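Mind having a look at this structure? Questions to follow.
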């Protein structure tokens, strides 16, 4: 079987097939077995893996956050206050590894006010003006 056919049937790139072939030629079947990656174990990540489930059981407001729900950025900040400095991207990966998922809440406001739609449009207009003013840096609203 040709390398291209093997790669296509296993849905990998041809470079992976060449690498496997090289490992097999050097070390036989032992060369193809998965091994622990070299280097020192990740201490911060393992500490974060231990702390995150306990952290999520607590209210974010106990850590000084105004929101009543956890977001990845706040988890990262709370871990930092616990002595484990880890990025939000790493927190997201750990949540995924732990089988924990978060969903962004859908924030819908429903109102009986007949002029609600007009007020909402005006508010969005003012937000756009403020954003443009902030980008320009002139401070005018």
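Can we say residue 82 is in contact with a helix residue (DSSP H, G or I) (Cβ under 7 Å, 6 or more places away or on another chain) and on the phi < 0 side of the Ramachandran plot?
Considered against the rule, which asks whether it is in contact with a helix residue (DSSP H, G or I) (Cβ under 7 Å, 6 or more places away or on another chain) and on the phi < 0 side of the Ramachandran plot, residue 82 comes out as yes.
Kindly provide the set of residues from region 98-112 that are surrounded by 10 or more Cβ atoms within 10 Å (Cβ to Cβ) and either over 32 Å from the mean Cα position of the chain (by Cα) or at pLDDT 75 or above (or both), ordered by number.
Residues satisfying the conditions are 98, 100, 111.
Here's something else I'd like to know. With the requirement that a residue be part of a helix (DSSP H, G or I) and loosely packed, with under 13 Cβ neighbours inside 10 Å, what does region 77-93 give you? Talk me through it step by step, then tell me what you get.
Step one: filter region 77-93 for residues part of a helix (DSSP H, G or I), giving 77-81, 88-93.
Once the filter is applied, which keeps residues that are part of a helix (DSSP H, G or I) and loosely packed, with under 13 Cβ neighbours inside 10 Å, region 77-93 yields 80, 81, 89.
Going residue by residue through region 32-42, is there one that turns out to be under 20 Å from residue 99 (Cα atoms) and either surrounded by 12 or more Cβ atoms within 10 Å (Cβ to Cβ) or in contact (Cβ under 8 Å) with a residue 24 or more places away in the chain (or both)?
Taking region 32-42 and keeping what is under 20 Å from residue 99 (Cα atoms), we get 42.
Filter once more, so that each one left must be either surrounded by 12 or more Cβ atoms within 10 Å (Cβ to Cβ) or in contact (Cβ under 8 Å) with a residue 24 or more places away in the chain (or both): 42.
Taking every residue of region 32-42 in turn, at least one turns out to be under 20 Å from residue 99 (Cα atoms) and either surrounded by 12 or more Cβ atoms within 10 Å (Cβ to Cβ) or in contact (Cβ under 8 Å) with a residue 24 or more places away in the chain (or both).
Could you check how many residues of region 50-76 are loosely packed, with under 15 Cβ neighbours inside 10 Å and not in a loop (DSSP other than H, G, I, E, B)?
Step one: list which residues in region 50-76 are loosely packed, with under 15 Cβ neighbours inside 10 Å, which gives 50, 53-54, 57-59, 61-62, 64, 66-69, 73.
Filter once more, keeping what is not in a loop (DSSP other than H, G, I, E, B): 50, 53-54, 61-62, 73.
So the count comes out to 6.
The values are calculated or read from the model by the stated rules, or taken from the named source; none is laboratory data. These figures come from a predicted structure and were not determined experimentally. Reconstructed Cβ throughout: ideal geometry from the backbone, glycine too, with neighbour counts over all protein chains shown.
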